[in-house]
Every structure is written in structure tokens, then in C-alpha cells.
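Have a look at the structure below before the remarks.
Just so it is clear, none of the values below were taken in a lab; they were calculated from the coordinates. Since the structure is predicted, the reported quantities are computational estimates derived from the model, not experimental observations. Note: ideal-geometry Cβ built from the backbone for every residue, glycine included; neighbour counts use all protein chains shown.
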Amino acid sequence: MGVGGGGKTTLASSLYMGVSCYFEVHHIIENVQEETSKHGLKKLQENILSAFSKTDVKVNSIVQGKHMIKSMLCRRKVLLLLDDVNDLSQLEALAGSHSWFGSGSRVLITTRDAHLLRTHKVDEVSHVRLLSDDEAMQLFNKHAYNKKDPVEDYETLSLRVISYAAGLPLALKVLGSFLYDKKKKGWMSSLDRLKDIPDTKIVEMLKISYDGLKDMEKEIFLDIACFFKKWEKDEAMEILEACDFHPEIGIEVLRQKALVSIVDGRLDMHDLVQEMGHYIVRVKHPNNPNKRSRIWKSEDINNMCLGDATMVNVKLLKYIILYVN
């Protein structure tokens, strides 16, 4: 499990391809979250049954599908990859328990939610680590380096991308592919633009985790992204508690979904996850900071007309008052 764009699917797929030859039957269900939303769990059960039986199988109900999967596979050595799971019902319908599969079987699951895996009582949870600078450079070079028409000062400009991506494979792939055929001025312009306008492909991938949060969890996430990153956890919790956000459970959910971490007692998050939070706040009023739900940049704060009640950011003032008092 891990943050969106962290390489979970790539790693799981590579492992699947490397060991599939040791299993009697094997199958991948890609994008479980999206496919469930589009077609329903019954259709995914039919896909599994059809793949393993080599014939078209129809299921009348999810309950029937569970019994059919268990009956068909309980004596076979199975390898099954369930990619991008986001709800317990998906695991219960597609891989309900160990008894569904024969001895030596393996079920690989990718998700952004560690709590989901623990609730389903999986045998092992592995967290996908982000890339080191050397690994990031290798991946970026694969997508960005143009041997036929190399860009001037490639290495220096690449280091700016590596710093910006902070080890996130998705960002390295997206930006590398975009910059591949650009000249030096195009690189510099693109990197300067990223300071204010993040790449939409990266934001939308990261935003999937945010979209799955409850309203109060979204509020806590945006507050951490805009105000409380690097704060002492207890200090931030005191303010969030005073705002009736019940932060103890809220922050735990954010940690389980790899949106927030706690490092040395301080709240933290990946730089691009924070940027995604800033984007969510900005996009509603891109040209008028005074109407946004949160203001965090000093220049925007200095430009606020505090004498005009219609231009006062209530969220910002609430925190200032609480913190000062």
C-alpha cells in the first residue's frame, strides 16, 4: 500500500509476471475501484470465474459468485492480483478468505488504505517506499532523455525535476514524458510554471485518495496541507479539536490512506500531496484568494482587506485567534 502514483501497481504487476509460471492458474483484475463503479462486483466475479474456467460464466448474485469462486478454486494453486482496491466489500466478494483457494495460492492486493488490508486480515502488509534520488534519476532519464536531440544543461535541469518529484514515480514519468522533446527554454518555463500550477495528471491521481474521504476528514487534510505541515502533532491537534473536527480519528484515517504521516512527533505529508491540497483550495477561486476557504501565503494575507467583512477569510482568522489565545 502507499500514496497514489507511488508505483504499487507497477511493483505488483512485475511480481505477478515473475512468479505466475509457478501457479496452476493466474489472473489480474485491474482497477478494481473503477471497474466496480462502472460494472459492479458481480461482473468482476464473472471475470474471475470465466478466466479460470476458460468459458463464459454468468452469476446471478454476489452471494452466488462467492460460492462459485470458492467451489472452483479451493483445490487449485491460484495467483490472483487485485489492483487498486478501495472498499472491504470488494475483497469480500473477490477473495473472501484463505479457504477460497488451494494450498500455496497467493492473492496480491494493491490499495491506498492500510486499514482495509488489516480489516480483511491479510497475512502481510508491505508499504511501497518512494524512490531514492539515484533511482529517481534513472526513471526520469528513461522517459525524458532524448539521445537524438539532447537538451542543454540536461543534468542541472533534471535535478530540479528530481527535487520537485520527491521520489514519486508517477511525477517522474509524467514530467519526463512531457519534457522529452522540449528545448532548454521549454524546460525552464515548465518547471517555473509548476511552482504555481501543478500538472493535472499528477494532481488527479493523487486526488483519488482525497475524494474518498468523509467531509470532516477532507477538512482536516486541507488544514494540514495549508497550515499544519511540520507542526508538532499535539499542538495542531489542540487547534483542530477546538474546531470540533475530532482530529484523533481523522488523522488516523489520513495516515492509513498514506495522505499524512507523523515524523518525530510532527505532522508531515509528501510535497506533491500538499500541493494537491493547495490546488483543491485554489481551484474554486483561482483569481480571488479572499474568497478561498483557506489562505496560507504571506503575500495573500498581506493583501487582504480586513476592514471589509466580505473579504475576511473566516477559516484563517479562526486559527489565528485560537493560536494567539
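Magnitude of the Cβ-charge dipole of the chain, K/R +1 and D/E -1, about the Cα centre, nearest 20 debye? It would help to have the intermediate numbers written out before the result.
On the way: 45 positive and 45 negative charges, 220 e Å.
Dipole size: approximately 1060 debye.
Normalised by the residues of the chain, what does the relative contact order come to in percent, with Cα pairs under 8 Å and at least six apart?
15
Helix by helix through the chain, keep the DSSP H runs that span 20 Å or more along the axis on Cα and average at least -0.5 on Kyte-Doolittle, and give those back in order. Let's see the in-between values first.
Working: long enough: none.
Helix filter hits for the chain: none.
Report the antiparallel proportion of the DSSP beta bridges in the chain as a percent, rounded to a multiple of 5.
Values: 4 of 14 bridges.
Rounded to the nearest five, the antiparallel share is 30 percent.
Could you give the dipole magnitude of segment 202-286 about its Cα centre, charging the beta-carbon of Lys and Arg +1 and that of Asp and Glu -1, in debye to the nearest 20?
On the way: 11 positive and 18 negative charges, 84 e Å.
The dipole magnitude comes to about 400 debye.
Among S13, A51, T36, which residue has its Cα furthest toward the positive end of the charge dipole of segment 8-119, with +1 on Lys/Arg Cβ and -1 on Asp/Glu Cβ?
About the Cα centre, the residue reaching furthest to the positive side is A51.
Over 30 Å between Cα atoms, which of K42/K214; K185/K230; K142/K207; K185/K218; K8/K184; K201/K284 qualify? It would help to have the intermediate numbers written out before the result.
Details: K42/K214 26 Å; K185/K230 34 Å; K142/K207 26 Å; K185/K218 38 Å; K8/K184 32 Å; K201/K284 18 Å.
In this structure, K185/K230; K185/K218; K8/K184 lie more than 30 Å apart at Cα.
Determine by what factor the alpha-carbon radius of gyration of segment 8-119 differs from 2.2 N^0.38 Å, reporting the quotient. Mind showing how you got there, number by number?
Details: Rg = 13.0 Å, N = 112, 2.2 N^0.38 = 13.2 Å.
So segment 8-119 has a normalised radius of gyration of 0.98.
Tell me which residues come under 5 Å, amide H to amide H, from I109 once H is placed; ignore anything under 5 positions away on its chain.
L82
Taking a cut-off of 26 Å, what percent of all Cα-Cα pairs in the chain are separated by more than that?
Numbers: 30284 of 52650 pairs.
The calculated P(r) of the chain puts 58 percent of pairs beyond 26 Å.
With +1 assigned to the C-beta of every Lys and Arg and -1 to the C-beta of every Asp and Glu, and no other charges, what is the dipole magnitude of segment 133-197 about the Cα centre in debye, to the nearest 20? Don't skip to the end; give the middle numbers.
On the way: 11 positive and 10 negative charges, 61 e Å.
The dipole of segment 133-197 has a size of about 300 debye.
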